[in-house]
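Below: one structure, written as structure tokens.
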Amino acid sequence: MNAVTPIPPAPIGLLAELTHRCPLRCPYCSNPLELDRRSAELDTATWQRVLAEAAGLGVLHVHLSGGEPTARQDIVAITRTCAELGLYSNLITSGVAGALDKLDALSEAGLDHVQLSVQAVEAANAERIGGLKNAQPQKFAFAERVTALGLPLTLNAVIHRGNIAEVPALIDLAVRLGAKRLEVAHTQYYGWAYVNRAALMPAKADVDRSIRTVEEARERLKGQLVIDLVVPDYYAKYPKACAGGWGRRLMNVTPTGKVLPCHAAETIPGLEFWHVQDRSLGQIWADSPAFRAYRGTDWMQEPCRSCDRREKDWGGCRCQALALAGDAAATDPACSLSGLHGKVQALAIAESALETAPDYQYRTIGGAPRTAVPEGAPV
Ligand code: SF4
Ligand code: FES
């Protein structure tokens, strides 16, 4: 498909999904509905070889993620390998269960940065969203220890109908916990979030208010707190460059060693993924059919093909195009130039207007969602 598309020099980041195990059960989790089991996870030596290949390829950042990465017994050894290879390591964690017990050792092993998830500020709401009682005090104790160790802390809050009213309080919380950065990330509807879309979709007026709150806080807290804002696709004018553009900046290695161009790529039927057990990361980056499928612009249809934004957003998100348009090569319906954009916005407005949000379908390993996942082109 993309025979002449040049291969970008090197991915900047590697998302290492070390495990799908997680003490939390967030209904917006971007992990696939079919979660990998512990028995199928890569072993320590394979992860260390993958990290060495990443460093050799020119990767700068490794995001140690999951699931909950501290659920792995070898998380300290893996972090130490990152440090020895000169890779900047970012631990993406829920901060609960055994995470605090491992934090000092992780810091000693050379961990560079911590990204802690928060579900809400108000404890009962946070614990309802995350599906775990007593999580909030554990998170706060974890954050306190991160800053005491001198590690830079980012808070990540996924925003949806259930917590959007707490955006001002989340900003105050980030300041109180000594975070350097706060991500106010409106839900992206892949994985479990897609199944729970009707329960999570916020009203447009609330979204607009949250954006104004962030803009005001950015001014007020200049020099103290950086706030990143991810706006919700369904209400956007143009889509985001998902994963920085397909096959351009990121590689995602799953717990079992499959290498993906983005975390939801497995939802696209017919893509062939290569495994780290069979090939080097360099080979996969250059030649994997999945990476080549939507790299560059050759694969684009109209209106993307002749659009002057095509090398800015790279046509948006392939996984969302599949989910909403039934065609992974279509223009992302989040784009106002897509013929489906009006229907997507109408759908978001209708779901957000439901008087009572449906119950969450919590993320679980080995448990299929109660209601069927929409297939094809629901809009
Ligand atoms: Fe981006 Fe395609 Fe929309 Fe143009 S038409 S803004 S390239 S998604
Ligand atoms: Fe796959 Fe956006 S999540 S391209």
May I ask you to order 221-230, 238-247 by the average number of other C-beta atoms within 10 Å around their residues, highest value first? 238-247, 221-230
For the chain, calculated [θ]222 nm from helices alone, where every DSSP H run of n ≥ 4 adds -39500 (n - 2.57): -9500 deg cm²/dmol
The range 39-93 versus the range 260-285: alpha-carbon centroid distance in Å: 18
Please give the Cα centre distance for the range 324-339 versus the range 157-183, rounded to the nearest Å. 31
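Can you give the FRET efficiency for Gln73 and Ser306, using 1/(1 + (r/R0)^6), R0 = 41 Å, r = Cβ-Cβ distance, to the nearest 0.05?
The value I calculate is 0.20.
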Among Val118, Pro269, Ala350, the residue whose Cα sits farthest towards the positive end of the charge dipole of the chain, when +1 is placed on the Cβ of each Lys and Arg and -1 on the Cβ of each Asp and Glu, is Ala350
One would report the Cα pair-distance distribution of the chain, bin width 20 Å, in %, as 28, 62, 10
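With the Cα gyration tensor of the range 13-230 giving a ≥ b ≥ c as the square roots of its eigenvalues, does the rule (a/c under 1.5 for rounded; else a/b larger than b/c for prolate; else oblate) give rounded, prolate or oblate?
On the way: a/c = 1.73, a/b = 1.40, b/c = 1.23.
Prolate.
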At 0.36 nm per residue, minus the direct Cα-Cα distance, what do Ala350 and Ala169 gain on full extension? Give it in nm, one decimal, please. 62.4 nm
Between rounded, prolate and oblate, where does the range 241-379 land on the alpha carbon gyration tensor, with a ≥ b ≥ c its root eigenvalues, rounded for a/c under 1.5, else prolate if a/b exceeds b/c? oblate
Non-local residues with an amide H under 5 Å from the amide H of Gln115, with H modelled 1.01 Å from N and Pro and chain starts lacking one, are Leu91, Ile92, Thr93, Thr154
Beyond a 22 Å Cα-Cα separation, which of these cross-linked pairs lie in this structure: Lys204/Lys240; Lys180/Lys222; Lys139/Lys180; Lys102/Lys139; Lys180/Lys240? Lys180/Lys240
Distance between modelled label sites at Asp359 and Asn134, nm, 7 Å Cα→Cβ extension: 2.4
If you take the square roots of the eigenvalues of the alpha-carbon gyration tensor of the range 146-258 and sort them as a ≥ b ≥ c, do you get rounded (a/c under 1.5), prolate (a/b over b/c) or oblate? oblate
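The numbers here are math on the coordinates, done by the rules we state, and not lab data. Just so it is clear, the structure is predicted and the values come from calculations on it, not from any experiment. Note that we place each Cβ from the backbone using ideal geometry, even for glycine, and neighbour counts take in every protein chain shown.
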